[in-house]
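Colleague: Attaching a single structure in structure tokens format; questions to follow.
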Amino acid sequence: MKEVTKIQELVYELRMRDVMRKDVISVSPDMQMGRLRELFKTKRISGTPVVDGGGLVGIVSIEDFIKWLSGGGGECRISEKMTRRVETFYDDEALVHALTKMERSGYGRFPIIDRQTGGMCGIVTKGNIIEGLLKKIEIDYHEEEVRKYRASHIFEDIRADKSTLICQYRIAGRKLTEAGETASGLKTTLKRLGFHPDIVRRSAIIAYEAETNVIIYAKEGKMIVKVEPAEIYMKVEDKGPGIPDVEKVLEPGFSTAPDWVRELGFGAGMGLPNIKKCSDRMVLNSTVGKGTCLEATVVIGPTR
Amino acid sequence: MKLREICEILEADIVHGEDPDREIDKVGAADLMSDVLTHSTRGSLLLTGLTNSQVIRTAEMSDIEAVCFVRGKRPQAGVIKLGEEMGIPVLVTRFSMYEACGKLYMKGLRGCEHN
């Protein structure tokens, strides 16, 4: 019975505006009843608000349409057959009110009124409510998954003036098909630590590009990641051939990649410029014959 | 647009992917994975002619929702398996890159930089 309780909780939490359909299809009171059939069919709806000069004057549903048909279906305007007493709700009201009203009155749809402007801003049907609830459950479930790893609380739990988490990864060279394993590991870790998806994505791309470079040009390397609540610092070191002109490699499109790398979809000269783009601070040091050291920092602040 | 609808438009096979209802609102097409990584591709579908595991890795790093291989090229088992592990659906369409893009654009799907 736990799910029932959860849903009961959600119908109080969710507002009409969270689930309503915003692009409302409406009809004029002067439209012919006969034209509803085509409208309902093409738009896959079973009722629609009737609007006159911007104001809501009624609602016409498939039930009104059937009633009209069984009464002979003679030519007449919607205004003669529509339901005039329309129940509406404000966009900031809790979902539970619509559900209670549905149960009691048997109405299937409620136009939603914007409390600020007084105009109609959406419509809520049983379908919208179910869809909204399912989406919310899915989001909650996802958040619970993230929370499941106690790691997301680690910085809150540690009592210190400054806390840093250090992760180290070894990058084995010459196997481009395996490139991405290091970045993948870092991405999962940062996700579990509860960082914003944008921060996670930027850090993962930096790691992936850097990892790919190590694999292409050096025999091996390592990546050290220092994670702090305010920033993620990455240092990637290799003992490769080094970069003769550090300025040059930061120019988009400059590449010295061999063909076998290009065939794999890399080596277009975008790697380092892309790392620069994704990071808030970047330092590249290289000595020919000794190796290369890349430092990149992603600052955790308001999302870019 | 739902992944299911995209499959219909591209007459694509879902090689694997359990969630045909996932929402995709933009599309990118590239054979250069470096280019994909340069752009903001979150929540998009990636069309590509490249069929190695780097495509899946790139999709993973960039939060791409699904990958579709063009010209009927089926990736090797290892690539499909990686897609499965990463939860990234893999599709194959018989259309060329140009035609696949055109078909999706005509149905209203825009590129990753389009606002």
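Conditions tested, residue by residue: (1) among the small types (Gly, Ala, Ser); (2) in contact with a Lys or Arg (Cβ under 6 Å, 6 or more places away or on another chain); (3) outside the structural domain of A:TYR217 (by TED's automatic domain parsing); (4) at negative phi.
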site	(1), (2), (3), (4)
A:SER70	yes, no, yes, yes
A:VAL86	no, no, yes, yes
A:GLU103	no, no, yes, yes
A:THR117	no, no, yes, yes
A:TYR169	no, no, no, yes
A:THR177	no, no, no, yes
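Colleague: Got a sec? Which helices (runs of 4 or more DSSP H) wholly within segment A:228-301 have at least 3 residues that are under 24 Å from A:GLU178 (Cβ atoms)?
Modeller: Values: elements: A:246-249, A:259-262, A:271-278.
Filter on segment A:228-301 gives A:259-262, A:271-278.
Colleague: Taking the criterion of being within 14 Å of another protein chain (Cβ to nearest Cβ) and among the acidic types (Asp, Glu), would at least one residue in segment B:61-71 satisfy it?
Modeller: The answer is yes; a qualifying residue exists.
Colleague: Which one of these does B:ASP19 not meet: (1) of a type in the set (Asp, Glu); (2) without any contact (Cβ under 8 Å) to a residue 40 or more places away in the chain; (3) within 14 Å of chain A (Cβ to nearest Cβ)?
Modeller: Among (1) of a type in the set (Asp, Glu); (2) without any contact (Cβ under 8 Å) to a residue 40 or more places away in the chain; (3) within 14 Å of chain A (Cβ to nearest Cβ), the lone unmet condition for B:ASP19 is (2).
Colleague: Now, a different point. For segment A:157-165, indicate whether the set of residues that are at pLDDT below 90, under 26 Å from A:GLU263 (Cβ atoms) and more than 25 Å from the chain's Cα centre (by Cα) is non-empty.
Modeller: Within segment A:157-165, none of the residues are at pLDDT below 90, under 26 Å from A:GLU263 (Cβ atoms) and more than 25 Å from the chain's Cα centre (by Cα).
Colleague: In the set B:MET1, B:MET97, B:MET86, which member is modelled with pLDDT under 95 and under 30 Å from A:LYS276 (Cβ atoms)? Spell out the reasoning first.
Modeller: Values: B:MET1 fails: under 30 Å from A:LYS276 (Cβ atoms); B:MET97 fails: modelled with pLDDT under 95.
Going through B:MET1, B:MET97, B:MET86 in turn, the sole match is B:MET86.
Colleague: Let me ask something additional. When you look at A:VAL60, is it surrounded by 12 or more Cβ atoms within 10 Å (Cβ to Cβ), at pLDDT 90 or above and touching a helix residue (DSSP H, G or I) at 6+ places or on another chain (Cβ under 7 Å), yes or no?
Modeller: Details: surrounded by 12 or more Cβ atoms within 10 Å (Cβ to Cβ): yes; at pLDDT 90 or above: yes; touching a helix residue (DSSP H, G or I) at 6+ places or on another chain (Cβ under 7 Å): yes.
Considered against the rule, which asks whether it is surrounded by 12 or more Cβ atoms within 10 Å (Cβ to Cβ), at pLDDT 90 or above and touching a helix residue (DSSP H, G or I) at 6+ places or on another chain (Cβ under 7 Å), A:VAL60 comes out as yes.
Colleague: Please specify each residue of segment A:261-298 satisfying the condition of being hydrophobic (A, V, I, L, M, F, W, C), touching a residue at least 24 places away in the same chain (Cβ under 8 Å) and more than 9 Å from chain B (Cβ to nearest Cβ).
Modeller: A:VAL261, A:LEU272, A:ILE275, A:LEU284, A:VAL288, A:CYS293, A:LEU294, A:ALA296, A:VAL298 - these are the residues of segment A:261-298 that are hydrophobic (A, V, I, L, M, F, W, C), touching a residue at least 24 places away in the same chain (Cβ under 8 Å) and more than 9 Å from chain B (Cβ to nearest Cβ).
The rows are residues; the columns are (1) within 27 Å of A:TRP260 (Cβ to Cβ); (2) in contact with a strand residue (DSSP E or B) (Cβ under 8 Å, 6 or more places away or on another chain); (3) not polar (S, T, N, Q).
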residue: B:LEU3; (1), (2), (3): no, yes, yes
residue: B:GLU8; (1), (2), (3): no, no, yes
residue: B:GLU11; (1), (2), (3): no, no, yes
residue: B:GLY17; (1), (2), (3): no, yes, yes
residue: B:LEU45; (1), (2), (3): no, yes, yes
residue: B:CYS68; (1), (2), (3): yes, yes, yes
residue: B:GLY72; (1), (2), (3): yes, yes, yes
residue: B:VAL92; (1), (2), (3): yes, yes, yes
residue: B:ARG110; (1), (2), (3): no, yes, yes
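Colleague: Return the total of residues in segment B:72-89 being within 13 Å of another protein chain (Cβ to nearest Cβ), touching a residue at least 12 places away in the same chain (Cβ under 8 Å) and closer than 19 Å to B:LEU3 by Cα.
Modeller: Summing the residues that are within 13 Å of another protein chain (Cβ to nearest Cβ), touching a residue at least 12 places away in the same chain (Cβ under 8 Å) and closer than 19 Å to B:LEU3 by Cα in segment B:72-89 gives 3.
Colleague: Counting only residues that are out of contact with any Asp or Glu (no Cβ under 8 Å at 6 or more places or on another chain) and surrounded by fewer than 23 Cβ atoms within 10 Å (Cβ to Cβ), give me the strands (runs of 3 or more DSSP E) lying completely in segment B:1-86 with at least 3 of them. Outline the logic, then answer.
Modeller: Details: elements: B:13-16, B:26-29, B:44-48, B:66-69.
Of the strands (runs of 3 or more DSSP E) lying wholly inside segment B:1-86, those with at least 3 residues that are out of contact with any Asp or Glu (no Cβ under 8 Å at 6 or more places or on another chain) and surrounded by fewer than 23 Cβ atoms within 10 Å (Cβ to Cβ) span B:13-16, B:26-29.
Colleague: Among the residues of segment A:173-185, how many are surrounded by 14 or more Cβ atoms within 10 Å (Cβ to Cβ) and either more than 10 Å from chain B (Cβ to nearest Cβ) or in a loop (DSSP other than H, G, I, E, B) (or both)?
Modeller: Here the count works out to 5.
Colleague: Which of the residues spanning segment A:237-254 are closer than 19 Å to A:ILE215 by Cα, in contact with a Phe, Trp or Tyr (Cβ under 7 Å, 6 or more places away or on another chain) and free of Cβ contacts under 8 Å to residues at least 40 places away in the same chain?
Modeller: none
Colleague: Has segment A:221-243 got at least one residue that is modelled with pLDDT under 90, touching a Leu at 6+ places or on another chain (Cβ under 9 Å) and assigned by TED's automatic domain parsing to the domain that holds A:ALA183?
Modeller: No: segment A:221-243 contains no residue that is modelled with pLDDT under 90, touching a Leu at 6+ places or on another chain (Cβ under 9 Å) and assigned by TED's automatic domain parsing to the domain that holds A:ALA183.
The values are calculated or read from the model by the stated rules, or taken from the named source; none is laboratory data. Quick caveat: nothing in here was measured; it's all calculated off a predicted structure. No Cβ is skipped: glycine too gets one built from the backbone with ideal geometry, and neighbour counts run over all protein chains shown.
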